[in-house]
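The values are calculated or read from the model by the stated rules, or taken from the named source; none is laboratory data. If you're wondering where the values come from, they're calculated on a predicted model, not measured in any experiment. Every residue, glycine among them, receives a Cβ derived from its backbone with ideal geometry; neighbour counts consider all protein chains shown.
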Amino acid sequence: MGPEALSGLLSNLPSVEDNNLIVGYEKSDDAAVYKVSEELALIQTLDFFMPMVEDPYIFGQVAAANSLSDVYAMGGEPKTAMNIVCFPEKMDIEILGEILRGGAEKIAEAGAVLSGGHTVHDDGIKYGLSVTGFVHPDKVMKNYGSKEGDVLILTKPIGTGIISTAYKVGEASQRAIDEMVENMTTLNKYAMDIIKKYPVSACTDITGFGFLGHAYEMADASDVTYDLHRDLIPYIEEAKEYAQEFYITGGGQKNRVFAEKHVDMGDTPFWMQEIMFDPQTSGGLLFSVEEKYAGEVLEELNKLEIKSAIVGMVEKRGEKIINVG
């Protein structure tokens, strides 16, 4: 379901107004944030999905990293996590054990506590987490607030959906698979530990709506235009070849339908468009920060294993919400 349709459904739900709810679903943000005191706010999020890799242990790691990511995208620290599992009744229970082991290891790496969970029988496997995190009420990072003149930085390369599609039909190289797995299993904790030291104006993680879908949401909610430089946008190298061979995703086409009318693609080649619309699992963080801090934060980020990149600038709101050049 696209964000516009989902927003329409949510707008019709009964709700109770509470001034302590700092972030709800109004701006399509990554998680809910509730103020408990002048010093503490709770972050709540939930996410789960079907396997995108065959190895159940790696799938557990990826799903957990993806669920934890929403807390990091808000500038918070995960504290507790609960498993959400759908599992076929007749399938080998050891497979479930490996999924949960992978998830538990990522929860521990995040410094959070696994506090339980819920399992139901289903025709297919699904796994994820409900996560609670802490953040100071004055330090919540939202997916809106980008200011004209800010620099846009992305902390992981994109293209994992396209690589996954090629992988499922046996066409992905081992190098591409390894890089995809490294991307998806790396916690956004390490990037956020650096980012939160700077006056970031807006932040989100790149997941199912793809790089352009999430960039559009941020720019639109901030009432600005993002000028993106396609030659600077990092992607897994083999994603270009696989996109040219049309190993593309249905989710990517939905993202195109959702965002394309708001984007001026210029002369961007089809394969690069597909990479930018490609749905990501446990993708990186996209954030905006004042230009004077960009070099410093990027230097720190690029000491990490996965390199970050400046991908564009924030401009005054124009005819299109995203310009790609």
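Worth a mention:
- Considering residues of the range 97-112 that are within 14 Å of TYR127 (Cβ to Cβ) and more than 19 Å from the chain's Cα centre (by Cα) only, the residue surrounded by the most Cβ atoms within 10 Å (Cβ to Cβ): ILE99
- Of all residues in the range 76-114, those being of a type in the set (Gly, Ala, Ser) and at pLDDT below 95 number 0.
- Of the numbered criteria (1) surrounded by 22 or more Cβ atoms within 10 Å (Cβ to Cβ); (2) over 18 Å from LEU228 (Cβ atoms), the one GLU299 fails is (1).
- Criterion applied to VAL131, VAL140 was being more than 17 Å from GLU290 (Cβ to Cβ) and crowded, with 24+ Cβ neighbours inside 10 Å, and the one residue passing it is VAL131.
- All positions within the range 107-154 that are aromatic (Phe, Trp, Tyr) and in contact with a helix residue (DSSP H, G or I) (Cβ under 8 Å, 6 or more places away or on another chain): TYR127, TYR144
- Note on the range 64-111: residues that are in a loop (DSSP other than H, G, I, E, B), more than 30 Å from ASN143 (Cβ to Cβ) and of a type outside the set (Asp, Glu) amount to 3.
- Odd one out for ASP231 among (1) surrounded by fewer than 24 Cβ atoms within 10 Å (Cβ to Cβ); (2) farther than 18 Å from ILE310 by Cα: (2)
- Within the range 191-233, tally of residues that are in a strand (DSSP E or B) and farther than 12 Å from VAL314 by Cα: 4
- Within the range 198-220, the only residue that satisfies the criterion of being under 10 Å from the mean Cα position of the chain (by Cα) and of a type in the set (Asp, Glu) is ASP205.
- Helices (runs of 4 or more DSSP H) within the range 234-325 that include 1 or more residues in contact with a helix residue (DSSP H, G or I) (Cβ under 8 Å, 6 or more places away or on another chain) and modelled with pLDDT of 95 or more: 238-244, 270-277, 291-301
- Among the residues listed as ILE153, ILE162, the single one being surrounded by 15 or more Cβ atoms within 10 Å (Cβ to Cβ) and part of a strand (DSSP E or B): ILE153
- Some residue of the range 33-45 being among the β-branched types (Val, Ile, Thr), outside the structural domain of SER288 (by TED's automatic domain parsing) and exposed (fewer than 15 other Cβ atoms within 10 Å of the Cβ): yes
- Filter result for GLY318 (under 28 Å from THR185 (Cα atoms) and either in contact with an Asp or Glu (Cβ under 9 Å, 6 or more places away or on another chain) or surrounded by fewer than 23 Cβ atoms within 10 Å (Cβ to Cβ) (or both)): no
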